[in-house]
Amino acid sequence: MLPGKVAIVTGGTRGIGFAVVRTFLNNGATVVLFGSKEESVQKALTKLKQENPNYQVMGMHPDITDMRAVERAFADIKSRFGKIDIVVNNAGISASDSLYNYEEEEFDKIIDLNLKAVFNCSKVGAKYMKENGGGVILNTSSMVSIYGQAAGCGYPASKFAVNGLTKSLARELGRDHIRVNAVAPGVIHTDMVDSLPEEMIKPIIASIPIGRMGEPEDVANAFLFLASDLASFITGAILSVDGAGMC
Ligand code: NAD
């Protein structure tokens, strides 16, 4: 579904991002995965190359919260592959502290990665997409961007903002043939969920009508659809992938 496309996936080393990378590769894209550390990037690349030595994949670890670092990384990708068609803004972190214990530094860290990095990669990516006649920006939101969350306010606040960025950029960039959408996963079986306390997760799973947590591939398939030409008239959408669960 993505033959000849060049895609960047932030937070592509594990979890949802890794599944997106693999799904895009299996659908004919060339993928540059971003991670926070050289070693996790290398680990992900080794795993992918073992699965399929023909995958067109490379890795980088720019500080995506820093606009200059993003500009350098994207310029490098453009010079290697000639274009950038798809940017998947997926890297994200959460914290579940109550407001009374929430440190200012923690709030800044979450907003920097979950929101500012999305702005940075969208701004630089859109420039190359416009030059090339169009492209697709996809953001990773969350079900908490719809319902809020009873603790850890920085995370839902960042995801509400990602929805706002998605809808606004969709309206702004449509004329440049750049579509902007977000996927809002529910409870997905990744390290992020595994790191949450069991008493927080158990009742959530019990309340998911489809009767299970989502798998990273469930989310990756939604990204694939939105990245492909099947979604050519879809922009500004926040697509829930949550088994109709509510947190
Ligand atoms: P994960 O912890 O398994 O992976 C996070 C990814 O982000 C990793 O590849 C990591 O390298 C990258 N990352 C972390 N800190 C970084 C930093 N400072 N700079 C650059 N990259 C960094 O998480 P996941 O569960 O796969 O989550 C991926 C996205 O999906 C996040 O945006 C998250 O908010 C969202 N999400 C996850 C769930 C879920 O249930 N897992 C639900 C809703 C939304």
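Can you work out ³J(HN,Hα) from phi for every residue in the range 225-230, in order, using Karplus 6.51 cos²θ - 1.76 cosθ + 1.60 and θ = phi - 60°, giving whole Hz and x for Gly and Pro?
4, 5, 6, 8, 5, 4
For a quick check of your reading of the filter: which GluC sites (Glu not before Pro) in the range 10-114 sit in a DSSP loop and have no more than 16 other Cβ atoms within 10 Å? Please list the in-between numbers first.
On the way: sites: E38, E39, E51, E71, E103, E104, E105, E106; in loops: E103.
Passing both the DSSP loop test and the Cβ count: E103.
Averaging sequence separations of C-alpha pairs under 8 Å and six or more residues apart, then dividing by the length of the chain, give the relative contact order as a whole percent.
This gives 20 percent for the chain.
Can you give me the angle between helix 117-131 and the longest principal axis of the chain, using Cα atoms only, in degrees from 0 to 90, rounded to the nearest 10?
30
From the phi angles alone, apply the Karplus equation (6.51, -1.76, 1.60; θ = phi - 60°) to the range 191-201 and give each ³J(HN,Hα) in whole Hz, x where the residue is Gly or Pro.
4, 4, 6, 4, 7, 7, x, 4, 5, 7, 7
Search the structure for amide H atoms under 5 Å from the amide H of K5, placed 1.01 Å from N in the peptide plane, and list their residues when 5 or more places away or on another chain.
T30
Pairing the Cα long axis of helix 154-173 with the longest principal axis of the chain, what angle in degrees results, from 0 to 90 and rounded to the nearest 10?
Roughly 40 degrees, rounded to the nearest 10.
Please give me the summed charge of the neighbours of P53: other residues whose Cβ is under 15 Å from its Cβ, Lys and Arg +1, Asp and Glu -1.
Value of the local net charge: +2.
Separation of the range 32-93 and the range 183-247 by C-alpha centroid, Å?
The distance from the Cα centre of the range 32-93 to that of the range 183-247 comes to 23 Å.
K123: which lysines have alpha carbons under 30 Å from its alpha carbon, excluding same-chain residues fewer than 8 sequence positions away?
K5, K37, K43, K78, K83, K109, K159, K167
Give the angle, between 0 and 90 degrees and rounded to the nearest 10, that separates the Cα long axis of helix 38-51 from the longest principal axis of the Cα atoms of the chain.
70
Report, by chain and number, residues whose modeled amide H sits under 5 Å from the one on V180, excluding near sequence neighbours (fewer than 5 apart, same chain).
Excluding prolines and chain starts, which carry no amide H, the hits are I137, G236.
Pull up all non-local amide H partners of G214: gap of 5 or more, or a different chain, and H-to-H distance under 5 Å with H placed in the peptide plane.
Those qualifying (amide H under 5 Å, at least 5 residues apart or on another chain) are V187, I188, H189.
Short version: ³J(HN,Hα) in whole Hz for each residue of the range 182-189, in order, from phi by Karplus 6.51 cos²θ - 1.76 cosθ + 1.60 (θ = phi - 60°), x for Gly and Pro, what are they?
10, 10, 10, x, x, 7, 10, 6
Extending each Cα 7 Å along its Cβ direction at N132 and L99, get the distance between those two points in nm, one decimal.
About 4.4 nm separates the two model spin labels.
Values quoted throughout were computed directly from the atomic coordinates according to the rules given, and no laboratory measurement underlies them. Keep in mind that this is a model prediction, so the values were computed, not measured. Glycine gets a Cβ as well: all are built from the backbone with ideal geometry, and neighbour counts include every protein chain shown.
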